[in-house]
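What follows is one structure encoded as structure tokens, with my remarks underneath.
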Amino acid sequence: IRDYREVNMTELRCGEVEQVLGAPVETLSENFQSMTAEATIYINGWMNIAQAGGRYWVAKSFQGNTYAQATAYKTSQPSVVSWFITNPVTISAQKVLSFQSAMAHWTHATTDTPLEVYYSTDYDGTNLTTATWTRITNATLPASTGVNYAFVNSGNINLPVEAGKSCVIGFKYWGTSSKTTSICIDNISITAAK
């Protein structure tokens, strides 16, 4: 090699897994019990993306319960942004999202929301920054005053997507080298409204 510009590395790095957004499904349910603790989470049809800071959602286990966790703990990066995006869900009728989330070792500002939840009808698995992401603001999320690792229920959230379309749900964690709160999610479900 005479010059670094001659190096053309286009394949996945060692240890990376190719992720492809799945085809739309009618419902979904994920409790992470089949995941291996301490491993990066890869679910067929879902996407686990380290947008900034090189951190992915990983499986954690405590007292027999396995869940997904994102954190900026012990990072030197100025920004950590980690996305966990579901398989697309067809909105053939009103669909309801629910999940559980928890925090641990809160170091963000008390008004920060290190976990943000979005939906998108135009995310195709490759256009993370150009897709339209609409924030879901009526979910109950962990707060700075909560108890470490105490999961809270999001409540039942009617997805405001018109019939005939499909959407993905994006769980976005953000942190910094000084805002290192850990966020956990579990028991993600999208079902038809009753």
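The values are calculated or read from the model by the stated rules, or taken from the named source; none is laboratory data. Source: prediction; values computed, not measured. No Cβ is skipped: glycine too gets one built from the backbone with ideal geometry, and neighbour counts run over all protein chains shown. Note: areas computed on protein heavy atoms with side chains; ligands, DNA, RNA excluded. Shrake-Rupley method; radii C 1.70, N 1.55, O 1.52, S 1.80 Å.
So, in segment 132-147, of the ones that are under 14 Å from His108 (Cβ atoms) and not hydroxyl-bearing (Ser, Thr, Tyr), which residue ends up least open to solvent (accessible area, probe 1.4 Å)?
Pass one, segment 132-147, residues under 14 Å from His108 (Cβ atoms): 141-146.
Keeping just the survivors that are not hydroxyl-bearing (Ser, Thr, Tyr) gives 141-143, 146.
Numbers: Leu141: 48, Pro142: 22, Ala143: 48, Gly146: 38 Å².
The qualifying residue least open to solvent (accessible area, probe 1.4 Å) is Pro142.
Mind counting the residues in segment 80-123 that are under 22 Å from Phe151 (Cα atoms), assigned to a strand (DSSP E or B), open to solvent by 20 Å² or more (accessible area, probe 1.4 Å) and polar (S, T, N, Q)?
2
Residues being within 13 Å of the chain's Cα centre (by Cα) and either assigned to a strand (DSSP E or B) or on the phi > 0 side of the Ramachandran plot (or both): count how many of those fall in segment 16-44.
Residues flagged as within 13 Å of the chain's Cα centre (by Cα) and either assigned to a strand (DSSP E or B) or on the phi > 0 side of the Ramachandran plot (or both) within segment 16-44 amount to 3.
Just to verify a result, which residue in segment 23-38, among those that are open to solvent by less than 80 Å² (accessible area, probe 1.4 Å) and not β-branched (Val, Ile, Thr), is farthest from Ser92 (Cα to Cα)? Even if it seems obvious, please write down each step before you answer.
From segment 23-38, those open to solvent by less than 80 Å² (accessible area, probe 1.4 Å) are 23-25, 27-28, 30-32, 35, 37; that's our starting set.
With the extra rule that they be not β-branched (Val, Ile, Thr), the set shrinks to 23-24, 28, 30-32, 35, 37.
Numbers: Ala23: 15, Pro24: 11, Leu28: 14, Glu30: 21, Asn31: 24, Phe32: 26, Met35: 30, Ala37: 35 Å.
Checked segment 23-38; the qualifying residue farthest from Ser92 (Cα to Cα) is Ala37.
Could you list all residues from segment 155-175 that are outside any strand (DSSP E or B) and either among the hydrophobic types (A, V, I, L, M, F, W, C) or crowded, with 16+ Cβ neighbours inside 10 Å (or both)? Show your work before the answer.
Here is the first cut: in segment 155-175, the ones outside any strand (DSSP E or B) are 155-156, 159-165.
Answer for segment 155-175, where residues must be outside any strand (DSSP E or B) and either among the hydrophobic types (A, V, I, L, M, F, W, C) or crowded, with 16+ Cβ neighbours inside 10 Å (or both): Leu159, Val161, Ala163.
State yes or no: is Ser76 loosely packed, with under 12 Cβ neighbours inside 10 Å, touching a residue at least 40 places away in the same chain (Cβ under 8 Å), in a loop (DSSP other than H, G, I, E, B) and polar (S, T, N, Q)? Before you say what the answer is, go through the steps one by one.
On the way: loosely packed, with under 12 Cβ neighbours inside 10 Å: yes; touching a residue at least 40 places away in the same chain (Cβ under 8 Å): yes; in a loop (DSSP other than H, G, I, E, B): yes; polar (S, T, N, Q): yes.
Criteria met by Ser76.
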